[in-house]
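I have placed the structure first, in the form of structure tokens, so that the comments after it can refer back to it.
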Amino acid sequence: MQNLKRFSQNYGAVLGLVILGLIIAMALAAPLLFPGNPWRTVAMPLLRPMENPDFLLGTDMLGRDIAAGIAHGAKVSLLIGVVSTLVAVLIGVSIGALAGFYGGRVDDLLMRFTEFFQIIPAFAMAVVLVAIFSPNIVSITLAIAVVSWPGVARLVRAEFLSLREREFVQAAIVIGQSGPRIIMTQVLPNAISPIIVTASLMVATAILTESALSFLGLGDRNMMSWGFMIGAARTMLREAWWMSFFPGLAILLAVLAINLIGEGINDLMNPHLRGRKK
Amino acid sequence: MSSAEAPLLSVKGLSIPLPPGFDRDYAIKDITYDLDAGEILCVVGESGSGKSMTANALMGLLPSYLKPSDGSIEYKGRDLLSRSEEELRELRGREIAMVFQEPLSALNPLMTVGDQIDEVMLVHGETDRSVRARRVMDLLDYVGLPDPKTLKDSYPFRLSGGQRQRVVIAMALALEPSVLIADEPTTALDVTTQAQILDLIKRIQQAKGMGVIFVTHDFGVVADIADRVVVMEKGLVVETGPAEQVLNAPRHPYTRRLIKAVPHRRAEDGADASSPAADDVLLEVRNLNKTYRSGGGLFAKPRIVPAVQKISLTLRQGQTLGIVGESGSGKSTLGRVIIKLTPSDGGQILYNGKDIAPLSPAAFRPMRQKIQMIFQDPFASLNPRQTVGRILVDGPLANGVSRAAAQRRAEELLARVGLDASAYKRYPHEFSGGQRQRIGIARALMLDPEVLIADESVSALDVSVQEQVLKLLKEIQDQLKLGMIFITHDLRVAAQICDSVAVMRRGEIVEMGPPSQIFDAPQHEYTQRLIAAIPGKGWDPQEAAQGSYEETV
């Protein structure tokens with residue numbers, strides 16, 4: 001309750017929450033607002049925004065409704081962004097924490113393993129993975145997670161390396177806490193801020209990676225996504241600005257909202273900042 | 001030092017307000033003192049007393065949100081605060097020079113020391129290169145640095161702490177200033193080095209007839225060098241006077257309290273040291289070794305630091321064993337090896353007759369509760385993300401005590417170490433350094449230990465807080481009959497609390513014995529040097545505090 005109150009005092013975070021809430025509501029309400037398949041041709045091609053009151057954001061070169069595309073695409077973009085980030089953070093934190101806390105041979109082994117993933121260009125690997133496992137929403141999500149965890153692992157390892165030397169961690173060893181317990185209750189909470197900040201940026205990157213994959217034709221055929229819309233608009237950039245502008249704006253807002261929320265949670269979890277006045 | 005002449009420097013009614021949101025509304029208020037040519041004026045106070053503030057105002061080093069609101073600082077009759085930045089810049093270095101606390105951060109790591117001294121003269125308009133070069137050599141020689149010819153081409157990281165501080169002093173002296181401001185110049189140094197630097201400052205001051213403002217928290221240092229003393233508390237000057245008078249007949253209760261809190265020898269040795277009984281030996285260390293190796297590879301030789309070499313000692317129930325030494329003596333490593341935070345390379349650690357040295361971390365964990373540690377830094381040793389209650393109950397929970405029982409014990413101990421019950425739900429950052437150290441002590445006691453290792457546990461605290469924490473430790477020890485290993489660099493603290501003292505140098509114990517032997521009749525040459533370097537030897541703070549008390553009653 002107290003946390004909720006403090007969170008609500010952070011205007012940025014509340015704004016982020018509102019934007020994200022609207023995007024989620026839009027994704028959920030898409031079948032009601034825009035019934036039918038968003039891939040369907042519904043009007044004249046290349047209608048400008050506001051030209052026809054039925055198609056407020058205009059149509060693309062095949063006469064598909066941009067507004068419908070954005071509403072339906074929200075689901076894919078958010079799902080892939082959030083789920084792939086969660087998976088990547090889970091893998092990255094586990095590997096980074098073990099490597100950083102135990103050091104020595106464990107560290108060597110886990111870091112070589114991490115480097116194995118780092119030496120392959122991330123996007124090329126994602127393309128290969130998606131191509132191998134046939135493009136669908138699950139394979140795309142996992143592919144993005146697999147290419148983005150090494151950064152988290154490195155970051156978490158570095159944080160753990162410095163935190164494990166701190167006196168309060170030494171104190172936890174002295175009072176007889178077990179290794180896993182120290183990792184979970186002493187070190188991880190103190191490393192959480194950079195993890196949250198990175199994660200919120202990773203959601204953004206994941207949404208963009210998904211767009212890039214869709215752009216290459218490796219998107220999920222059955223689901224409209226913002227990335228696909230921008231990709232499709234590239235040939236019409238000068239003739240029909242609205243085709244790329246509105247999905248781009250949607251990505252911008254989603255990423256911004258997630259970053260604001262991330263920052264809000266970060267402030268909330270840091271007791272030093274409690275009671276900080278805006 | 002006649003007061004008829006105009007003083008060299010005169011601070012009159014200086015006030016510096018603090019912006020809203022601080023715990024008081026001024027940094028310093030209505031500060032007035034004079035500095036005459038040829039005297040050392042010590043400004044003494046605890047942390048937060050504003051003792052560095054006037055010095056910083058003088059040098060124009062105040063942060064931008066602090067602006068003097070009232071008063072003046074007159075140097076040779078002219079107000080400094082009303083002068084322009086250009087005029088002040090010309091004055092700094094040439095007329096008024098400053099020596100900082102931490103010599104390593106005061107020196108540019110990428111310039112040789114010779115170049116840095118040279119630069120001071122260059123920016124103040126000495127254009128002749130050969131004159132500057134000669135002066136650099138003279139200065140390095142003057143501050144007592146060995147072999148100035150090679151030393152001027154070294155980088156700061158090559159020098160020891162004391163040598164660096166000498167370089168900083170040489171820089172300050174480069175333009176023959178008439179006022180030298182020294183802000184805690186010896187606080188970061190070992191006691192033997194501190195004694196040398198104090199001698200140096202005193203010698204220079206007398207030779208050049210400078211006025212020196214010496215900011216410090218240590219009354220021992222004051223007793224060694226001050227001509228006059230200004231005592232500050234919470235931004236106010238509470239007492240000024242000749243050193244003789246302030247030290248031996250303090251008038252203000254705060255000064256008296258501070259002087260009384262200066263650590264000192266107890267009258268006689270503790271009883272435990274003289275009547276050893278073989279059966280109550282808690283911990284016995286035999287031939288303990290620890291060597292740090294770093295770097296090294298196919299072609300490079302590894303760097304080998306023998307931190308602990310063949311150390312043997314015995315700790316009995318109810319005994320406090322002091323381990324004193326300067327930085328790098330291996331005293332902290334010894335503590336860490338005994339508590340198995342750092343693995344040992346050889347030797348035995350017998351706890352109640354069982355050798356714990358070869359045990360794996362997992363096998364040792366159940367025994368950990370009996371050997372506890374109080375850490376040095378009260379700010380780093382408590383997890384900032386956990387409430388005090390959580391920090392306290394974690395230990396018993398990890399050792400299988402029920403939550404309710406742990407919580408009851410935590411509440412008891414909070415009261416025992418003198419904290420309010422409401423502390424249980426609060427976070428560490430809401431407490432002062434001394435209170436945090438009390439929490440650290442409570443955490444160690446939560447597990448009912450038999451051995452307590454205190455690693456520099458009072459070093460980060462102000463002297464009055466230090467006294468309280470030492471008293472608490474003593475009480476607890478007497479009550480619970482703990483064996484305590486007290487690691488410190490401060491011989492005065494060791495003298496006050498320990499029943500037996502071991503002096504360490506370069507990983508070896510050079511001398512061990514009861515305080516009376518170590519302090520009154522040291523055998524080893526190194527111990528003798530250490531004892532001789534204790535600041536304020538010729539002055540007995542207890543007598544001073546006592547005497548003045550009787551006078552006023």
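Assorted remarks:
- Among the residues of segment B:453-475, at least one is hydrophobic (A, V, I, L, M, F, W, C), surrounded by fewer than 21 Cβ atoms within 10 Å (Cβ to Cβ) and under 25 Å from B:Gln317 (Cβ atoms).
- The residues of segment A:170-191 that are among the hydrophobic types (A, V, I, L, M, F, W, C), facing chain B (nearest Cβ under 8 Å) and either under 24 Å from A:Asp267 (Cα atoms) or part of a helix (DSSP H, G or I) (or both), listed by number, are A:Ala171, A:Ala172, A:Ile173, A:Val174.
- A:Ala158 satisfies every condition listed in (1) closer than 28 Å to A:Met111 by Cβ; (2) in contact with a helix residue (DSSP H, G or I) (Cβ under 6 Å, 6 or more places away or on another chain); (3) more than 10 Å from chain B (Cβ to nearest Cβ) except (2).
Here's the yes/no breakdown for (1) of a type in the set (Gly, Ala, Ser); (2) in contact with a strand residue (DSSP E or B) (Cβ under 9 Å, 6 or more places away or on another chain):
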| site | (1), (2) |
| --- | --- |
| B:Gln205 | no, yes |
| B:Met210 | no, yes |
| B:Thr216 | no, yes |
| B:Val221 | no, yes |
| B:Val231 | no, yes |
| B:Ala243 | yes, yes |
| B:Arg257 | no, no |
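- Here is the figure for segment B:120-147: residues that are in a helix (DSSP H, G or I) and either within 30 Å of the chain's Cα centre (by Cα) or under 20 Å from B:Arg94 (Cβ atoms) (or both) total 16.
- Scope segment B:399-421; condition loosely packed, with under 12 Cβ neighbours inside 10 Å and at pLDDT 90 or above; matching residues: B:Ser402, B:Arg403, B:Ala404
- Tally of residues being at the interface with another protein chain (Cβ under 8 Å from one of its Cβ atoms) and either in a loop (DSSP other than H, G, I, E, B) or in contact with a strand residue (DSSP E or B) (Cβ under 8 Å, 6 or more places away or on another chain) (or both) across segment B:372-406: 13
- Filter pass, B:Ile197 being over 30 Å from B:Arg265 (Cβ atoms) and either touching a Ser or Thr at 6+ places or on another chain (Cβ under 7 Å) or assigned to a helix (DSSP H, G or I) (or both): no
- Any hit, segment B:514-522, residues being part of a loop (DSSP other than H, G, I, E, B) and touching a helix residue (DSSP H, G or I) at 6+ places or on another chain (Cβ under 9 Å): yes
- Candidates B:Gly38, B:Gly50, filtered to the one that is modelled with pLDDT of 80 or more, of a type in the set (Gly, Ala, Ser) and in contact with a helix residue (DSSP H, G or I) (Cβ under 8 Å, 6 or more places away or on another chain): B:Gly38
- Taken over segment B:55-72, the criterion of being in contact (Cβ under 8 Å) with a residue 40 or more places away in the chain and among the aliphatic types (A, V, I, L, M) is satisfied by B:Ala55, B:Ala57, B:Leu58, B:Met59, B:Leu62, B:Leu66.
- Of all residues making up segment B:335-367, the number that are surrounded by 19 or more Cβ atoms within 10 Å (Cβ to Cβ), touching a helix residue (DSSP H, G or I) at 6+ places or on another chain (Cβ under 7 Å), within 12 Å of chain A (Cβ to nearest Cβ) and touching a residue at least 40 places away in the same chain (Cβ under 8 Å): 1
- Annotation note: of B:Asp190, B:Asp138, B:Asp183, the sole residue that is surrounded by fewer than 17 Cβ atoms within 10 Å (Cβ to Cβ) and of a type in the set (Asp, Glu) is B:Asp138.
- Of everything in segment A:1-25 that is more than 20 Å from A:Ala250 (Cβ to Cβ), out of contact with any helix residue (DSSP H, G or I) (no Cβ under 7 Å at 6 or more places or on another chain) and not hydroxyl-bearing (Ser, Thr, Tyr), the residue that is modelled with the lowest pLDDT is A:Met1.
- Out of A:Glu51, A:Glu115, sole residue that is of a type in the set (Asp, Glu) and within 26 Å of A:Thr141 (Cβ to Cβ): A:Glu115
- Close pairs from segment B:82-103: first farther than 16 Å from B:Ala174 by Cα and in contact (Cβ under 8 Å) with a residue 12 or more places away in the chain, partner in a helix (DSSP H, G or I) and not polar (S, T, N, Q), Cβ under 8 Å, at least 6 apart: B:Pro103/B:Pro156; B:Pro103/B:Gly161; B:Pro103/B:Arg164; B:Pro103/B:Val167; B:Pro103/B:Val168
- Some residue of segment B:434-447 being assigned to a strand (DSSP E or B), within 14 Å of chain A (Cβ to nearest Cβ), over 23 Å from B:Tyr254 (Cα atoms) and among the charged types (D, E, K, R): no
- Any chance A:Glu165 is acidic (Asp, Glu), within 14 Å of chain B (Cβ to nearest Cβ) and surrounded by fewer than 20 Cβ atoms within 10 Å (Cβ to Cβ): yes
- Members of segment B:20-34 found to be surrounded by fewer than 21 Cβ atoms within 10 Å (Cβ to Cβ), in contact with a Pro (Cβ under 8 Å, 6 or more places away or on another chain) and under 19 Å from B:Val215 (Cβ atoms), listed by number: B:Tyr26, B:Asp34
- Residue match in segment A:107-128 (condition: within 14 Å of chain B (Cβ to nearest Cβ), acidic (Asp, Glu) and part of a helix (DSSP H, G or I)): no
- B:Lys149 being within 23 Å of B:Asn56 (Cα to Cα) and surrounded by fewer than 18 Cβ atoms within 10 Å (Cβ to Cβ): no
- Total residues in segment A:129-158, condition of a type in the set (Gly, Ala, Ser), more than 15 Å from the chain's Cα centre (by Cα) and part of a helix (DSSP H, G or I): 4
The values are calculated or read from the model by the stated rules, or taken from the named source; none is laboratory data. In this text, all values refer to a predicted model and were calculated from it rather than measured experimentally. For neighbour counting, all protein chains shown are included, and Cβ atoms are generated from backbone atoms with ideal geometry for every residue, glycine included.
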